[in-house]
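K.L.:
Next up is a structure, given as structure tokens.
The values are calculated or read from the model by the stated rules, or taken from the named source; none is laboratory data. As the structure is a prediction and not an experimental result, all values here were calculated from the model. Heads up, the Cβs are rebuilt from the backbone with ideal geometry, glycines too, and the neighbour counts pull from every protein chain shown.
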Amino acid sequence: MSTPNISDELETKLKRAFEEISAANITSITEELTNAEDGKITVGFSVKLTLLNGRVFGNGALSYSRRFKDEIEFSTDDPKQTKLNIGGEA
């Protein structure tokens, strides 16, 4: 299947899509970045392309996130330790 050169127009469309979706989300991205304890977030832009009858159709997505971490400590009871039965507790 032979297709005409679509590189230039595709490059323009991809750049425009990235610029538009970045601009639409820059406030939230900046907020996430400034609230990240380590000052880092991951921003990703992905595009699915379909070539149909010489035309390219694209569906793009932008994702961003900072790493969330919560910690807790716990331990199980010592199986060798006998339990006291106080007030009917088992």
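K.L.:
Would you point out the residue of the range 58-85, among those that are of a type in the set (A, V, I, L, M) and surrounded by 10 or more Cβ atoms within 10 Å (Cβ to Cβ), that is farthest from GLU9 (Cα to Cα)?
P.N.:
Within the range 58-85, the first condition is being of a type in the set (A, V, I, L, M), and the residues that meet it are 61-62, 72, 84.
Within this subset, residues satisfying the condition of being surrounded by 10 or more Cβ atoms within 10 Å (Cβ to Cβ) are 61-62.
Numbers: ALA61: 19, LEU62: 21 Å.
Of everything passing the filter in the range 58-85, LEU62 is farthest from GLU9 (Cα to Cα).
K.L.:
Continuing with this model, one more query. When you look at ILE41, is it in contact with a Phe, Trp or Tyr (Cβ under 9 Å, 6 or more places away or on another chain) and surrounded by 10 or more Cβ atoms within 10 Å (Cβ to Cβ), yes or no?
P.N.:
yes
K.L.:
Scan PHE18, PHE68 and give me the residue that is assigned to a loop (DSSP other than H, G, I, E, B) and either under 18 Å from the mean Cα position of the chain (by Cα) or at pLDDT 90 or above (or both).
P.N.:
PHE68
K.L.:
Going through ASN59, ASN35 one at a time, which residue ends up being of a type outside the set (Lys, Arg), in contact with a strand residue (DSSP E or B) (Cβ under 7 Å, 6 or more places away or on another chain) and in contact (Cβ under 8 Å) with a residue 12 or more places away in the chain?
P.N.:
Working: ASN35 fails: in contact with a strand residue (DSSP E or B) (Cβ under 7 Å, 6 or more places away or on another chain).
Going through ASN59, ASN35 in turn, the sole match is ASN59.
K.L.:
Would you confirm whether any residue within the range 63-77 is without any contact (Cβ under 8 Å) to a residue 60 or more places away in the chain, touching a helix residue (DSSP H, G or I) at 6+ places or on another chain (Cβ under 9 Å) and basic (Lys, Arg)?
P.N.:
Among the residues of the range 63-77, at least one is without any contact (Cβ under 8 Å) to a residue 60 or more places away in the chain, touching a helix residue (DSSP H, G or I) at 6+ places or on another chain (Cβ under 9 Å) and basic (Lys, Arg), which makes the answer yes.
K.L.:
For the range 43-53, check the following and say yes or no: at least one residue is of a type in the set (Lys, Arg), within 17 Å of the chain's Cα centre (by Cα) and at pLDDT 90 or above.
P.N.:
Within the range 43-53 (the criterion being of a type in the set (Lys, Arg), within 17 Å of the chain's Cα centre (by Cα) and at pLDDT 90 or above), the answer is yes, since at least one residue qualifies.
K.L.:
Here's a follow-up. Mind checking whether some residue in the range 1-12 is part of a strand (DSSP E or B) and either touching a helix residue (DSSP H, G or I) at 6+ places or on another chain (Cβ under 9 Å) or surrounded by 10 or more Cβ atoms within 10 Å (Cβ to Cβ) (or both)?
P.N.:
The answer is no; no qualifying residue exists.
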